[in-house]
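Below you'll find the structure, written out as structure tokens, and then a few comments.
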Amino acid sequence: MSLERLNRHQRPIAKRILVRGTLILDTPTCLGSGDADSPTDLALLRDSISDHALLTGSSIAGALRNYLREYEHGYGTSEQEFDCASVLFGGIRRVDDGEQSPLIVNDAISSKIPTVELRDGVEIEGTTGTAKKGQKYDLELLAAGTEFLLCFELLIEQKQDPREQQNYEDRLAKSLALALRGLELGEIGMGMKKRRGFGRCHVKEWQVWNFNLEDAGDRNLWLNFEHWRTGFIPIFNVHTSITEALGIQLDINGEDKRDHFILHATFQLVGSLLIRSGQDSTGRAPDVVHLKSHRSGKTDAEPVLSGTSLAGVLRHRAERIVNTLHEVNQHITQEIVNDIFGFVSDKKASKQPEANEAKKKPDAKASRLVVHETVIKEATDLVQNRIAIDRFTGGAYHGALFDEQPIFGGNDTRVTIELELRKPEEYEIGLLLLLLKDLWTSDLPVGGESSIGRGRLKGTYAKMTCYESGKSQEWVIHQQCDNSLRISHPEKLGDFVKALVDYSASISNAGSDKKTAA
């Protein structure tokens, strides 16, 4: 046996902390299996034995690690050595001698065979407003309310120096508490399309066991523990707070480095709204039905405003606004919108001869704007019969009678919109404010069939909060009974819009100078 193998690094384990929790999905979640033979484009990942939904430990660990990195360093930053993420989850990729993760994350299986929702999606051509050819897709989603049984085990090594041992234990326990607190507060999403409303979840209950392996009694308890048993054990205490369960106090003031802008607005529905549902309806359903989704604690599906549909509407209007402000170079204005909403480049276009600078640009970028899916309250379903008209004869097309079931708004109907912009610039906040203005004044419809008057909204209340460098600033817009607006700090909101105008003007001047020089 070689000397190198005899002197290999050992991991004497001094303590083990076992944590179990119940994860509940708040919105539909896409956990894809990658099965190419599935009848849908993206099928759910299931356990091969029980047919229950499967949430892999690697997915959970990746989401927790990303959350810790963003919490400690901010959005869009790289991980560093000896930070909370690397301490809890092991060395980063660029370090060859990185440590193994001391946290064991088990695969999670749903508590029962889940309810599945089917969603359709399509990419819209911005210039024509119609669907792109070959860009239609469908996917399976886990319905909201699905529960997963989580299990974590933290291994604490034995250090030679007692002072180093205490600091090491405190650092590990704090990192674990901080990561699991993100799950508890619903700040960590799971699965695909998390920035379009899917995958929101939270943990409602915890159970924690501490085993000191240096003590003979705790060592026997850990050996005799029912590790094979999933879920909670009734004879032990159940906690609603992970910090209370771990016995840790977190000093979070000033530690959160995530700069973001949150917009929460409430609207009345003027007329009707129709977002086409791709789900198979039972019974004698109309040809087109508004999209509905199940929510936790509800027996019947409720009408929703999907994040994918709202994001597409906002992106198209944002392009029009920026193009109106800046008419010199449409390619530059497209970059402004892509930086906020993300993009995926066309592979066919990459084969064309381009400048060297263009070839260095990334092929894709994730959206910095998070658009949440929300439930529409107190809406009414009505069926409308329609028919296509022959424009030449003025008569009805043969066989073109169809019926639709949109939702209609009343005095109590409320549509909410929740947006979150990460790492915002002032001019980007100004662009969001102009989008809010268009929604508020019924100038920007949402959903389908906007040409016949559907999807008009009327603003009633909006709250905006900007978090920067650990500090927050808040603005409120409220519609009065006399239709006047009450706005808190309107001068600052005006500065955001002015920043957008100035930024567009600076780009226009730079584009004009470059064109003149050429």
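Just so it is clear, none of the values below were taken in a lab; they were calculated from the coordinates. Keep in mind that what you see is a predicted model, and the values were worked out from it rather than measured. All Cβ positions, even for glycine, are placed from backbone atoms using ideal geometry, and neighbour counts span all protein chains on display.
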Between PRO28, TRP209, GLY307, whose Cα lies farthest towards the positive end of the dipole of the chain when Lys and Arg beta carbons carry +1 and Asp and Glu beta carbons carry -1, centred on the Cα centre?
GLY307
Excluding LEU250 itself, calculate the net charge of residues whose Cβ lies under 9 Å from the Cβ of LEU250, where each Lys or Arg counts +1 and each Asp or Glu counts -1.
0
Positive end of the dipole of the stretch 11-246, charges at C-beta (+1 Lys, Arg; -1 Asp, Glu), about the Cα centre: which of ASN66, ALA85, MET192 has its Cα farthest in that direction?
MET192
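Just flag the chymotrypsin sites (Phe, Trp or Tyr not before Pro) in the stretch 392-465 sitting in loop per DSSP whose Cβ has no more than 10 other Cβ atoms within 10 Å.
PHE392
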Radius of gyration and maximum dimension Dmax of the chain, Cα, Å
26.6, 94
Give the residue list of chymotrypsin sites (Phe, Trp or Tyr not before Pro) in the stretch 190-255 that are DSSP loop and have at most 16 other beta-carbon atoms within 10 angstrom.
PHE225, TRP228, PHE232, PHE236
Neighbourhood net charge (14 Å Cβ-Cβ; Lys/Arg +1, Asp/Glu -1) for VAL476
+2
For GLN165 and VAL344, extending 7 Å from Cα along the Cα-Cβ vector and measuring point to point gives, in nm, a value of 5.3 nm
Could you point to the residue in LEU178, ILE389, LEU431 farthest towards the positive end of the chain's charge dipole, with +1 and -1 charges on the Cβ of Lys/Arg and Asp/Glu respectively?
ILE389
Using 0.36 nm times the number of residues separating VAL476 and ASP47, minus their current alpha carbon distance, what extension gain do you get?
149.7 nm
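With charges only on Cβ, +1 for K and R and -1 for D and E, what is the dipole size of the chain about its Cα centre, in debye, rounded to 20?
820 debye
What full-extension length gain, to one decimal in nm, is calculated for THR130 and GLU244 as 0.36 nm per residue of separation minus the Cα-Cα distance?
Working: separation 114, 0.36 × 114 = 41.04 nm, distance 5.30 nm.
Extending this stretch completely gives an extra 35.7 nm.
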Modelled label-to-label distance, LYS112 and ASP495, 7 Å Cα→beta-carbon offset: nm?
5.4 nm
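If each DSSP helix of 4+ residues adds -39,500 (n - 2.57) and the sum is divided by the residues in the chain, what number results at 222 nm, nearest 500 deg cm²/dmol?
-9000 deg cm²/dmol
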Can you tell me the Rg and the Dmax, both Å, for the Cα atoms in the stretch 11-246?
20.2, 73
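Which of the trypsin sites (Lys or Arg not before Pro) across the stretch 388-495 are loop residues per DSSP, with 16 or fewer other Cβ within 10 Å?
Those satisfying the criteria are ARG391.
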Among all helices in the chain defined by DSSP H, which have a length of 20 Å or more along the axis from Cα atoms plus a Kyte-Doolittle mean of at least 1.6?
none
